[in-house]
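The values are calculated or read from the model by the stated rules, or taken from the named source; none is laboratory data. Remember, it's a predicted structure, so these values are computed and weren't measured experimentally. A quick note on method: Cβ atoms are made from the backbone with ideal geometry, for glycine too, and the neighbour counts reach across all protein chains shown.
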Amino acid sequence: MIGLEKERIKITSYIREQSEKFLDDLLALREEVQLERIKKEVSKNFAKTQKTYMIKGWVLEKNDDDLKNLVERVSKDHVLYSSDIPSVNPDNPPTYIETPIWAKTFRTFVDLFSTPKYNELNPTIILAVFFMVFFGVMLGDAGYGMILIILSLFGILKFGKYSRLIKEWSIMGLFLGITTTIFGFLTYSFFGDFIPRFFFGNPSEPLYSFTILNIKFPIETLRDPLSILTIALVLGLIQLNVGVLLAIYQSYKRREFKNMLTKNFCWIPLQIGGGLLIGYYILGWYVTNVLIYAAAVLTLVGFILLFIKEGPLGFFGVTGYIGDWLSYARLLALGLGTAGMALAFNIVAQIIPEMIPVVGFIFTPIILVIAHFANLGLQTLGAGVHSIRLQYVEFFNRFYEGGGRKFEPFSIKRKYTKTKDVE
């Protein structure tokens with residue numbers, strides 16, 4: 001019986017090995033057939049005579065010399081090769097998006113919106129920076145940030161070598177976890193008020209304090225929401241003006257000077273002049289008479305430039321700009337949601353042992369773990385959605401259109417490669 005069992009194991013192992021070998025051969029054969037089919041399809045698109053082929057396509061400027069040398073070598077120097085820089089119209093060239101390694105994962109968000117045109121700025125890096133900052137402000141809890149960091153490192157180290165997608169999204173999660181941890185530290189939030197409530201028994205007493213640029217930290221979200229709102233609106237104003245500056249630069253590169261002045265530059269004097277006037281007449285700022293006159297002139301110049309482009313509808317442009325700016329108040333709203341729910345869970349977990357004297361101590365850690373993980377999942381989703389919404393609607397609206405097509409060079413991506421020994 002033992003001998004038969006061993007033979008059965010050997011036969012089963014042999015069948016398994018042969019099946020895997022057959023599958024590998026089949027997959028390799030399929031790739032070879034696919035490669036040959038694509039080669040024939042591509043060659044059909046060439047203009048040709050009996051002895052001549054004409055090939056026309058796109059190549060990156062940095063690879064131009066390499067392609068020329070390759071074609072000359074393959075054709076034994078029987079080739080006429082020419083290349084030039086394309087124009088947007090009528091060539092309609094594809095767009096090659098080049099980003100650093102750390103920002104490649106954020107390129108997904110640009111692709112979801114639309115590929116930039118050939119003569120359009122690549123917003124990936126700037127989008128990545130603002131997305132991380134806004135996400136960190138909205139989630140804003142150091143405990144949740146550390147969990148994101150741990151999960152992201154686990155994804156990179158454990159599954160990154162098997163899946164490129166998991167690796168890229170884990171890298172993004174790592175950056176988001178870092179910014180969330182930083183903002184959680186600045187707002188004195190570690191699973192809400194978990195540490196001062198359960199370890200020190202006094203959730204209202206901060207464990208640390210420091211000052212940066214005359215701003216005293218930590219700023220507790222629930223106790224001082226106006227400070228968080230101010231920070232949110234300042235961040236929004238910064239991003240909107242970055243968009244305006246990018247629009248000015250892009251119009252200048254395209255030689256669209258009238259559009260640059262009337263559609264883009266007009267917002268700079270409008271903001272400076274209008275801001276000073278609002279500060280003086282409404283907020284009570286101390287402003288000299290000279291600055292008041294200068295602010296009035298700047299505001300008038302901004303309105304004139306805007307009305308040249310939009311006409312009377314320019315008033316709606318002003319209200320739209322203000323509306324875009326106020327949309328950044330969602331940074332406070334999401335931050336309040338995270339801190340408020342974490343606080344509520346901690347309070348419930350604290351009073352359970354008083355309500356259920358013996359069993360309550362057992363349920364308290366279970367409730368805390370389940371509740372905070374649920375809050376982490378819910379608030380992470382909200383922070384991601386609202387942060388990318390700010391990029392698409394408020395930021396891209398200043399300068400970005402999209403509508404391009406990716407540069408995708410002819411290539412074969414192999415999953416299986418079969419090698420042969422050649423004597």
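Close contacts from the stretch 344-361, counting a first residue that is assigned by TED's automatic domain parsing to the domain that holds Phe199 and surrounded by 12 or more Cβ atoms within 10 Å (Cβ to Cβ) and a second that is assigned to a helix (DSSP H, G or I) and among the small types (Gly, Ala, Ser), with Cβ to Cβ under 8 Å and a gap of 6+ residues or different chains, come to Phe345/Ala371; Val348/Ala371; Ala349/Ala371; Ile352/Gly360; Pro353/Gly360.
The set of residues in the stretch 233-250 being polar (S, T, N, Q) and within 12 Å of Tyr400 (Cα to Cα) consists of Gln250 alone. Cβ-Cβ contacts under 6 Å between residues 6 or more apart (or on different chains), taken from a first residue in the stretch 175-189 that is surrounded by fewer than 21 Cβ atoms within 10 Å (Cβ to Cβ) to a second residue that is part of a helix (DSSP H, G or I), are listed as Phe185/Ala142. Looking at the stretch 213-230, is at least one residue aliphatic (A, V, I, L, M) and crowded, with 20+ Cβ neighbours inside 10 Å? Yes, the stretch 213-230 contains at least one residue that is aliphatic (A, V, I, L, M) and crowded, with 20+ Cβ neighbours inside 10 Å. Screening Phe159, Phe135 for residues that are closer than 18 Å to Val393 by Cβ and of a type in the set (Phe, Trp, Tyr) leaves exactly one candidate, Phe135.
Restricting Leu332, Leu368, Leu313 to residues that are farther than 15 Å from Gly192 by Cβ and out of contact with any Leu (no Cβ under 6 Å at 6 or more places or on another chain) narrows the list to Leu313.
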